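Student: Would you mind keeping the following structure in view while I ask a few things?
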Amino acid sequence: MPLTQYFTGIRTLADKTMDELTPSASVNPKLLHEAMRHSLFAGGKRFRPILAVTACEAVGGKREIVIPFAVAIEMIHTYTLIHDDLPAMDDDDFRRGVPTCHKKYGEAAAILAGDALLTLAFEILADTARFPGVKAETILRVARETAGAVGSTGTVGGQMVDIEMAGKEPDMATLEYIHTHKTGKLIVASIRGGAALAGAEEDQLSALTEYGRSIGLAFQIVDDLLDVEGSREKTGKTPGSDLKNKKLTYPSIMGVEESRKLAVKLTDRAIKSVEMFGESSSRLRDLAEYVIARAF
């Protein structure tokens with residue numbers, strides 16, 4: 001199956017499930033639910049759900065097992081984007097090619113839409129009936145790891161350091177911390193959760209964790225590059241926002257070419273880390289190559 005068709009199949013199933021699990025815009029409070037759905041269904045690559053499903057299938061699981069988890073991960077990711085775009089953060093006007101949530105609905109509604117998506121995600125994760133055949137302790141472990149990935153020592157912590165470092169002297173160690181926490185932790189959680197729900201062994205989880213760490217950092221470096229070289233048509237958001245907000249990025253410290261070389265190196269590392277899966281790793285390899293292809 002071609003990669004684009006594989007992606008489309010997962011996106012279609014994830015979007016269908018997300019539509020079913022997200023309150024309709026006709027349900028009160030209507031403005032809140034409309035704002036939630038605006039950001040959820042504005043498009044996007046659905047990269048994290050794809051990672052969750054691909055990791056599940058790499059260890060022999062069926063995608064239907066992890067779709068509720070994949071949807072919860074996308075809701076969490078969307079919450080982080082809504083808040084990241086706020087005037088107090090990056091103050092972006094466009095996301096995924098459409099006006100950001102606060103631009104369309106106001107700051108208060110955007111904040112609450114993000115809060116509601118985060119809460120809904122964990123409501124889904126806590127509903128063990130959505131994961132038939134999976135042990136309750138496995139679901140609990142996945143929920144706990146996901147919470148850790150997005151909290152003060154994960155995405156939220158990375159965002160805080162990102163804000164604190166704006167306009168300050170470049171520091172490679174701090175930049176790596178920002179990227180591995182702000183973006184990388186949730187990517188790792190997506191992969192580990194998808195595999196764990198499918199019954200992965202500990203050695204498989206270890207290999208997938210290394211894959212996730214490498215691909216997560218490569219993904220963010222590519223995003224940094226696209227902020228320099230991309231366009232709104234290509235990325236769905238206004239380019240140059242990192243420069244405008246004086247953010248630490250890999251191109252700002254290493255330059256464009258060295259950043260691109262590092263992304264390639266990390267992608268190669270990700271591919272090597274899943275060699276133990278043999279032919280089952282083919283989609284994981286495809287995903288890694290897809291990430292780096294965005295930079296060229």
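Student: Using a 10 Å cut-off around each Cβ, can you sort L13, L51, L266, L117 from fewest to most neighbouring Cβ atoms?
Tutor: Lowest to highest Cβ neighbour count: L13, L266, L117, L51.
Student: How many angstrom separate the Cα center of region 19-62 from the Cα center of region 199-221?
Tutor: About 22 Å separates the Cα centre of region 19-62 from the one of region 199-221.
Student: Arrange the following residues from fewest to most other Cβ atoms within 10 Å of their Cβ: V150, V134.
Tutor: V134, V150
Student: Using 0.36 nm times the number of residues separating A126 and K272, minus their current alpha carbon distance, what extension gain do you get?
Tutor: Numbers: separation 146, 0.36 × 146 = 52.56 nm, distance 3.42 nm.
That works out to 49.1 nm of additional length.
Student: Express in nm, to one decimal, how much length is gained between E279 and R144 on full extension, taking 0.36 nm for each residue of separation and deducting their alpha carbon distance.
Tutor: 45.5 nm
Student: A follow-up question, please. Which pairs in the list K103/K265; K62/K104; K103/K247 are over 29 Å apart, alpha-carbon to alpha-carbon? Write out the running numbers ahead of the final one.
Tutor: Numbers: K103/K265 38 Å; K62/K104 38 Å; K103/K247 22 Å.
Cα-Cα > 29 Å for K103/K265; K62/K104; rest within.
Student: For F94, list long-range residues whose amide hydrogen, built 1.01 Å from N in the peptide plane, is under 5 Å from its own amide hydrogen.
Tutor: Long-range HN contacts for F94: T100, T238.
Student: Where in region 1-21 does the label zone of E64 land, with the point 7 angstrom along Cα→C-beta and an amide N cut-off under 20 Å?
Tutor: Correct set: 6-21.
Student: Which value, in debye to the nearest 20, describes the size of the charge dipole of region 23-130 about its Cα centre when Lys and Arg Cβ atoms bear +1, Asp and Glu Cβ atoms bear -1, and nothing else is charged?
Tutor: I would put it at about 460 debye.
Student: Rounded, prolate or oblate: which fits the chain when a ≥ b ≥ c are the square roots of the eigenvalues of the alpha-carbon gyration tensor, with rounded for a/c under 1.5 and prolate only if a/b beats b/c?
Tutor: Here the chain falls in the oblate category.
Student: Sticking with this one: For a footprinting-style exposure proxy, rank D127, D92 by other Cβ within 10 Å, fewest first.
Tutor: D127, D92
Student: Can you tell me the dipole magnitude for the chain around its Cα centre, using point charges on the Cβ only (Lys, Arg +1; Asp, Glu -1), in Debye to the nearest 20?
Tutor: My answer is approximately 460 debye.
Student: Apply the Karplus parameterisation 6.51 cos²θ - 1.76 cosθ + 1.60, with θ equal to phi minus 60°, to every residue of region 83-92 and state each ³J(HN,Hα) to the nearest whole Hz, in sequence, with x for glycine and proline.
Tutor: Couplings: 6, 5, 7, 4, x, 6, 10, 8, 6, 9 Hz.
Student: Calculate the FRET efficiency for T8 and A88 from the Cβ-Cβ distance with a Förster distance of 25 Å, rounded to the nearest 0.05.
Tutor: For R0 = 25 Å, the calculated efficiency reads 0.10.
Student: Could you give the length gained by full extension between I163 and F41, i.e. 0.36 nm per residue of separation minus their alpha carbon distance, to one decimal place?
Tutor: Value of the extension gain: 41.2 nm.
Student: Residue by residue through region 268-283, what is 3J(HN,Hα) from phi via Karplus (6.51 cos²θ - 1.76 cosθ + 1.60, θ = phi - 60°)? Round to whole Hz and write x for glycine and proline.
Tutor: With the stated coefficients, region 268-283 comes to 4, 5, 4, 5, 5, 5, 10, 4, 4, 7, x, 5, 5, 8, 4, 6 Hz.
Student: May I ask for the Kirkwood hydrodynamic radius of region 1-89, worked out over all distinct Cα pairs and given in angstroms to one decimal?
Tutor: Numbers: mean 1/r = 0.0717 Å⁻¹.
Averaging 1/r across every pair of different Cα atoms and inverting gives 13.9 Å.
Student: Right, something else. Calculate, for E107 and M172, the FRET efficiency according to 1/(1 + (r/R0)^6) with r their C-beta to C-beta distance and R0 45 Å; round to the nearest 0.05.
Tutor: Once rounded, the FRET efficiency stands at 0.85.
Bear in mind that the values in this text are calculations on the coordinates, not laboratory data. Quick caveat: nothing in here was measured; it's all calculated off a predicted structure. All Cβ positions, even for glycine, are placed from backbone atoms using ideal geometry, and neighbour counts span all protein chains on display.
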